[in-house]
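Data block below; observations after.
The values are calculated or read from the model by the stated rules, or taken from the named source; none is laboratory data. Note that this is a predicted model, so its numbers are computed, not measured. Positions of Cβ are generated from backbone atoms using ideal geometry, with glycine treated the same way; all protein chains shown enter the neighbour counts. To get the accessible areas, we keep the full protein, side chains included, count just its heavy atoms, and leave off ligands, DNA and RNA. Shrake-Rupley method; radii C 1.70, N 1.55, O 1.52, S 1.80 Å.
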Amino acid sequence: MNDFSPASAALLVAQPLTSHAFAPYGTVIEAPTGEGRPINGGNAQRFDLLGDLQLDAEGGRPMLALFRAQARRFPHEVSEMERHALGSQTFVPLGDRRFVIVVARAGEAPTSAQQLAAFVTDGRQGVVLAPGTWHHALLAVDAGDFVVIERAGGGVDCDVCLLRQSGSVQF
Ligand SMILES: NC(=O)N[C@@H](O)C(=O)O
Ligand code: NI
């Protein structure tokens with residue numbers, strides 16, 4: 001049986017996304033509990049979530065994009081991962097939309113699906129992938145729009161790795 005045979009493919013079961021579990025890979029964005037700072041004459045509360053999105057390395061600048069994603073079919077194959085070494089990448093759903101995040105720590109490229117971690121959001125959570133975090137491209141569970149904030153400038157900052165031992169992810 002070779003490395004590419006389906007029998008060796010790992011099945012990743014995505015766990016519910018929590019800040020603690022996701023900490024090695026980035027930051028979870030979620031509606032804060034408690035009181036925010038009153039602004040606009042008390043008509044709103046402000047919550048500062050993240051002061052540095054790490055988007056300006058090597059002359060980079062922030063880019064705000066919108067991904068209109070189709071719902072993926074699960075279990076979904078995981079055979080290719082990518083990273084953006086120079087900047088973070090943030091995904092925030094517009095409206096209640098879940099997505100699955102498959103990741104590996106920044107550094108050496110993963111070679112097997114068994115080295116990966118998988119999370120599923122609650123529909124309202126977003127994530128900030130830390131620079132260099134290996135990840136699968138957006139896997140929307142529910143079709144719809146996602147706001148994406150990433151670094152732009154100076155060529156394409158996207159390294160791709162093909163897993164020697166692919167797998168699939170379920171949630
Ligand atoms: N291709 C593209 O812009 N998207 C990926 O970077 C992704 O992580 O979804
Ligand atoms: Ni990406």
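Could you give the Stokes-Einstein D for the stretch 126-166 in µm² per second, using the C-alpha Kirkwood radius, 25 °C, 0.890 mPa s?
Details: Rh = 13.0 Å.
The calculation lands on 189 µm²/s.
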Checklist entry - Given H placed 1.01 Å from N in the peptide plane, which residues other than close sequence neighbours of Ile29 have an amide H under 5 Å from its amide H? => result Gly126, Val127, Val128
Next on the checklist: Give me a comma-separated list of calculated 3J(HN,Hα) values for the stretch 121-129, in order, Karplus coefficients 6.51, -1.76, 1.60 applied at θ = phi - 60°, integers in Hz, x for any Gly or Pro.
Outcome noted: 7, 8, x, 10, 7, x, 9, 10, 6
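Going by accessible area, probe 1.4 Å, with all protein chains left in place, what is the ranking of Asp159, Asp56, largest first? It would help to have the intermediate numbers written out before the result.
Values: Asp159 60, Asp56 115 Å².
Ranking Asp159, Asp56 by accessible area, largest first, yields Asp56, Asp159.
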Checklist entry - If you stretched the chain out fully between Gln45 and Val147, how much longer would it get, using 0.36 nm times the residue separation minus the C-alpha to C-alpha distance? => result 34.6 nm
Checklist entry - Taking the simple approach of a point 7 Å from Cα along Cα-to-Cβ for both Arg37 and Cys158, what is their distance in nm? => result 3.6
Checklist entry - Can you work out D for the chain in µm² s⁻¹ from Stokes-Einstein, where Rh is the Kirkwood radius over C-alpha pairs, the temperature is 10 °C and the viscosity is 1.306 mPa s? => result 94
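Accessible area, 1.4 Å probe, largest first: how do Glu77, Glu58, Glu108 sort?
Numbers: Glu77 110, Glu58 145, Glu108 165 Å².
Reading off the accessible areas and sorting them downward yields Glu108, Glu58, Glu77.
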Checklist outcome for this item: In whole Hz, the Karplus estimates of ³J(HN,Hα) for the stretch 149-166 (6.51, -1.76, 1.60; θ = phi - 60°; x where Gly or Pro) are 10, 8, 7, 10, x, x, x, 8, 9, 8, 9, 10, 10, 9, 6, 5, 10, 6
Checklist entry - In nm, what is the difference between 0.36 nm times the number of residues separating Gln54 and Ala137 and their Cα-Cα distance? => result 27.9 nm
Checklist outcome for this item: Taking a label point 7 Å from the Cα of Thr18 along Cα-to-Cβ, the residues of the stretch 116-142 whose backbone nitrogen sits under 19 Å from it are 117-128
